[in-house]
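The next block holds one structure in the form of structure tokens; read it before the comments.
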Amino acid sequence: MTIPDATPHRPDQPVQAEVAEGKQSTWRQLVSAMSPRTVWSWADGYPVVLKQFVQFCLVIVYPAWVVGVLFGLACYGLFYVTVYPVLWLLFWPMRAWMKKNRPQEYAESQRKK
């Protein structure tokens with residue numbers, strides 16, 4: 001019998017690399033949500049028989065989950081291709097005015113959070 005090298009990742013606990021680099025992008029979160037290992041790990045923390053039942057249900061629902069996540073990725077990408085540029089152009093005068101008249105507040109608002 002071998003002892004595992006590391007404890008399995010639980011979805012409610014951030015991965016060390018994720019903590020070091022900050023929050024993951026939405027694209028990365030959605031792509032990692034399609035991983036069978038991630039879906040399977042949602043049953044962690046339940047008692048044995050209940051965990052087996054939850055894993056069985058997750059295996060049955062997994063194909064629909066993947067289709068839903070792919071649809072979400074398509075909608076997310078479509079937003080950034082169509083809506084985001086339009087909003088960027090619409091609010092350009094406001095950003096230009098802020099940059100000219102209130103440079104400190106503008107710089108603070110542009111800083112990544």
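What are the pairs, 6+ residues apart or on separate chains, where a residue within the stretch 24-47 that is on the phi < 0 side of the Ramachandran plot has its Cβ under 7 Å from a residue that is in a helix (DSSP H, G or I) and exposed (fewer than 12 other Cβ atoms within 10 Å of the Cβ)?
Taking only residues 6 or more apart or on different chains, not a single pair turns up.
Could you give me the residue pairs with C-beta distances under 7 Å whose first residue belongs to the stretch 84-104 and is surrounded by 10 or more Cβ atoms within 10 Å (Cβ to Cβ), whose second residue is aromatic (F, W, Y) wherever it lies, and which are 6+ apart or on separate chains?
If the second residue must be aromatic (F, W, Y), the pairs left are M98/Y106; K99/Y106.
Examine the stretch 2-22 for a residue that is of a type in the set (A, V, I, L, M), modelled with pLDDT under 90 and surrounded by 11 or more Cβ atoms within 10 Å (Cβ to Cβ), and state whether such a residue exists. Show your work before the answer.
Our first condition is that a residue be of a type in the set (A, V, I, L, M); within the stretch 2-22, this holds for 3, 6, 15, 17, 19-20.
Subset that is modelled with pLDDT under 90: 3, 6, 15, 17, 19-20.
Imposing the further condition that a residue be surrounded by 11 or more Cβ atoms within 10 Å (Cβ to Cβ) reduces the set to 15.
Yes, because at least one residue in the stretch 2-22 is of a type in the set (A, V, I, L, M), modelled with pLDDT under 90 and surrounded by 11 or more Cβ atoms within 10 Å (Cβ to Cβ).
Name the single residue that is surrounded by the fewest Cβ atoms within 10 Å (Cβ to Cβ) among those in the stretch 26-82 being in contact with a Leu (Cβ under 8 Å, 6 or more places away or on another chain) and part of a loop (DSSP other than H, G, I, E, B).
That would be W42.
The values are calculated or read from the model by the stated rules, or taken from the named source; none is laboratory data. Predicted model, so just to flag it, every value in this text is computed and none were measured. No Cβ is skipped: glycine too gets one built from the backbone with ideal geometry, and neighbour counts run over all protein chains shown.
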